[in-house]
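This report refers to the structure that appears directly beneath it.
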Amino acid sequence: GDSVTQKEGLVTLTEGLPVMLNCTYQTIYSNAFLFWYVHYLNESPRLLLKSSTDNKRTEHQGFHATLHKSSSSFHLQKSSAQLSDSALYYCAPLTGNTGKLIFGLGTTLQVQP
Amino acid sequence: ETAVFQTPNYHVTQVGNEVSFNCKQTLGHDTMYWYKQDSKKLLKIMFSYNNKQLIVNETVPRRFSPQSSDKAHLNLRIKSVEPEDSAVYLCASSRVDTEVFFGKGTRLTVV
């Protein structure tokens, strides 16, 4: 079945260092949409960025990701971590025609001074 | 800007009790969902409703039942809660095949 893997459960960084959160996915749908959601404590999870175009960089709020269908990956990156980036990040493929987003365990990013 | 509203924010109850959570969306979306976020942060879909019809039911225990009066409302009832039901329940809505918009969640603690 369709699934997503974020191999790091927790990433701890010092402010100013680059961020990379890994995401790989498995789906039978060649035209899957990939999403990154961010969940801050006591807030709603919200969309950070999304893509369905192979090998095209997508950017939003300082974060970027490139969908690589050949490797089924959609890693999230940022050049310089900020304290306010500390949150839980979910990568999610959107599959089929039911609008079903497949989430997993997410990756908690902790940015330290 | 919040457009998916959930009540209550928190609920503490004893094993065996019945609980209900409410959800309303003001986005005009035609599909609503319930997700469960467990203590390990696993976020998993439980149900989705499209035009008052259940279209996805992820093999959740039968004590869970979604209830919808119209396409803007989707409530969740748990008939007899168990300790493993302690989690954050997130309501969401979307148009078909697009991003979902989440509420802030209802944190359930079963003691």
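The values are calculated or read from the model by the stated rules, or taken from the named source; none is laboratory data. These figures come from a predicted structure and were not determined experimentally. Methodologically, a virtual Cβ is constructed for each residue, glycine included, from the backbone with ideal geometry; neighbour enumeration extends over all protein chains shown. We work out accessible area using only protein heavy atoms, side chains counted, and drop any ligands, DNA or RNA first. Shrake-Rupley method; radii C 1.70, N 1.55, O 1.52, S 1.80 Å.
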Checklist entry - Out of B:R107, B:R77, which single residue is loosely packed, with under 14 Cβ neighbours inside 10 Å and at pLDDT 90 or above? => result B:R77
Checklist entry - Looking at A:K50, is it open to solvent by 40 Å² or more (accessible area, probe 1.4 Å), within 26 Å of B:I55 (Cβ to Cβ) and either within 11 Å of the chain's Cα centre (by Cα) or touching a residue at least 24 places away in the same chain (Cβ under 8 Å) (or both)? => result yes
Checklist entry - Looking at the range A:74-82, is at least one residue under 15 Å from A:F35 (Cβ atoms) and either open to solvent by 10 Å² or more (accessible area, probe 1.4 Å) or facing another protein chain (nearest Cβ under 9 Å) (or both)? => result yes
Item to check | Evaluation of B:F47 against (1) within 14 Å of another protein chain (Cβ to nearest Cβ); (2) free of Cβ contacts under 8 Å to residues at least 40 places away in the same chain; (3) out of contact with any Lys or Arg (no Cβ under 8 Å at 6 or more places or on another chain); (4) open to solvent by 20 Å² or more (accessible area, probe 1.4 Å) (one fails), failing number | outcome: (4)
Checklist entry - Would you say B:H11 is away from chain A (no Cβ under 11 Å), closer than 19 Å to A:L41 by Cβ and open to solvent by 40 Å² or more (accessible area, probe 1.4 Å)? => result yes
Checklist entry - Does B:V60 satisfy the criteria of being farther than 23 Å from A:W36 by Cα, in a loop (DSSP other than H, G, I, E, B) and either open to solvent by less than 10 Å² (accessible area, probe 1.4 Å) or touching a residue at least 40 places away in the same chain (Cβ under 8 Å) (or both)? => result no
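Yes or no, residue by residue, for (1) modelled with pLDDT of 95 or more; (2) in contact with a Leu (Cβ under 6 Å, 6 or more places away or on another chain); (3) not polar (S, T, N, Q):
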position	(1), (2), (3)
A:T66	yes, no, no
A:H75	yes, no, yes
A:S80	yes, no, no
A:I102	no, no, yes
A:Q110	yes, no, no
